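Here the structure comes first, spelled out in structure tokens, and everything after it is commentary.
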Amino acid sequence: FGTYFKYELFYNAIVRDGERPPIGEETMHPLLQQLFEEMWCDQESRLSFDIIVESLDVLIPEVLIDSDEATQFWMEFYNNEFDISWSVFIEDFCEYFGVSLNQNQPEYLCLKELLYNQEKVEIATFGNVIKWFGRLSMDNCETFLKEIKGVMKLKYFYGDISREDAVEILSRKKNPDNTRFLVRFSTSKHTPFTITKVFPYSTLLHPKYSIIGIGSHNVYCFFITTDVFLLP
């Protein structure tokens, strides 16, 4: 609404003329966009709060988990719950996707490392793992788990850390191996991984896009964001 600089004009545009801000796929998931537009309609047709809450309970798994079978798994076992204990989750996960995991297997330990948070598995974290490693299904579950293991065993992979933490790790004082880059999970919905690089000279370089191949059995080729920093 950058075109309105007076409250009266803004008020009339919203209340009298029914103007609403544009929403695109870059801004919001299409299912949430549809819900918002239904909430914005005229007062007689506007959704009640009860219907909005019920709609959100159904939409949240579909919005957070970008995989049809993984979404179905969560909705079938946990319905409207947004977190579940790790012990219950891993048992249900193995049953639904037809895999057998024990506590000593690397695949089990890697999956737990990604999902486990204070004895819980949160739906948003589960959705992030799907985003990072690709869609999960009954047919590809074993490969999915092997790819997680393959990435997490890489010595330059640091997982879900911030850009600031990545630069700190690569600084000379905390980097005895003199490593000049690391790979971490990306915060962008378009790119699963980010490379952070540093060079021992003075000026900051702007981020760019690169391609990297990582994985164990299958080779990934992703467009991934690259942070480039120069150390003093």
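The values are calculated or read from the model by the stated rules, or taken from the named source; none is laboratory data. These numbers come from a predicted model, not from an experiment. Positions of Cβ are generated from backbone atoms using ideal geometry, with glycine treated the same way; all protein chains shown enter the neighbour counts. Surface areas here come from the heavy atoms of the whole protein model, side chains and all, with no ligands, DNA or RNA. Shrake-Rupley method; radii C 1.70, N 1.55, O 1.52, S 1.80 Å.
Any residue at all in segment 35-42 that is open to solvent by less than 70 Å² (accessible area, probe 1.4 Å), more than 19 Å from F93 (Cβ to Cβ) and in a helix (DSSP H, G or I)? Looking for residues that are open to solvent by less than 70 Å² (accessible area, probe 1.4 Å), more than 19 Å from F93 (Cβ to Cβ) and in a helix (DSSP H, G or I), one finds at least one in segment 35-42, hence yes. Here T71 meets each of (1) modelled with pLDDT under 95; (2) open to solvent by 50 Å² or more (accessible area, probe 1.4 Å) with one exception, condition (2). Give the residue, chosen from F185, F89, that is under 17 Å from the mean Cα position of the chain (by Cα), surrounded by 15 or more Cβ atoms within 10 Å (Cβ to Cβ) and within 30 Å of D57 (Cβ to Cβ). Within the list F185, F89, the selection yields F185.
Could you list all residues from segment 123-142 that are more than 20 Å from R184 (Cα to Cα), open to solvent by 70 Å² or more (accessible area, probe 1.4 Å) and not aliphatic (A, V, I, L, M)? Please lay out each step first, then the result.
Taking segment 123-142 and keeping what is more than 20 Å from R184 (Cα to Cα), we get 123, 136-142.
Subsequent filtering for residues that are open to solvent by 70 Å² or more (accessible area, probe 1.4 Å) retains 138-139, 142.
The answer is D139, E142.
Determine if segment 197-209 includes at least one residue that is of a type in the set (A, V, I, L, M), at pLDDT below 70 and surrounded by fewer than 17 Cβ atoms within 10 Å (Cβ to Cβ). Quick ask: steps written out before the conclusion?
If we filter segment 197-209 for residues that are of a type in the set (A, V, I, L, M), which is where we start, we get 198, 204-205.
Next, only the ones that are at pLDDT below 70 stay: 198, 204-205.
Still in the running and surrounded by fewer than 17 Cβ atoms within 10 Å (Cβ to Cβ): 204-205.
There is at least one residue in segment 197-209 that is of a type in the set (A, V, I, L, M), at pLDDT below 70 and surrounded by fewer than 17 Cβ atoms within 10 Å (Cβ to Cβ).
Name the residue that is least open to solvent (accessible area, probe 1.4 Å), counting only residues in segment 144-158 that are among the aromatic types (F, W, Y) and modelled with pLDDT under 90. Talk me through it step by step, then tell me what you get.
So the first thing to find is which residues in segment 144-158 are among the aromatic types (F, W, Y), and the list is 144, 156-158.
Subset that is modelled with pLDDT under 90: 156-158.
On the way: Y156: 61, F157: 24, Y158: 103 Å².
So the residue we want is F157.
Determine if segment 100-108 includes at least one residue that is open to solvent by less than 80 Å² (accessible area, probe 1.4 Å) and of a type in the set (G, A, S). No, segment 100-108 contains no residue that is open to solvent by less than 80 Å² (accessible area, probe 1.4 Å) and of a type in the set (G, A, S).
Among the residues of segment 66-99 satisfying the criterion of being of a type in the set (A, V, I, L, M, F, W, C) and in contact with a Phe, Trp or Tyr (Cβ under 6 Å, 6 or more places away or on another chain), which is nearest to L114 (Cα to Cα)? Even if it seems obvious, please write down each step before you answer.
The initial filter retains those residues of segment 66-99 that are of a type in the set (A, V, I, L, M, F, W, C), namely 70, 73-75, 77, 82, 84, 86, 88-90, 93-94, 97, 99.
If we keep only those that are in contact with a Phe, Trp or Tyr (Cβ under 6 Å, 6 or more places away or on another chain) too, we end up with 73, 84, 86.
Details: F73: 18, I84: 14, W86: 11 Å.
So, considering only residues that are of a type in the set (A, V, I, L, M, F, W, C) and in contact with a Phe, Trp or Tyr (Cβ under 6 Å, 6 or more places away or on another chain), the one nearest to L114 (Cα to Cα) is W86.
Can you name the helices (runs of 4 or more DSSP H) wholly within segment 73-189 that have at least 3 residues being free of Cβ contacts under 8 Å to residues at least 40 places away in the same chain?
86-97, 106-115, 163-170
For the residues E54, E81, E62, the requirement of being under 19 Å from the mean Cα position of the chain (by Cα) and surrounded by fewer than 16 Cβ atoms within 10 Å (Cβ to Cβ) singles out E81.
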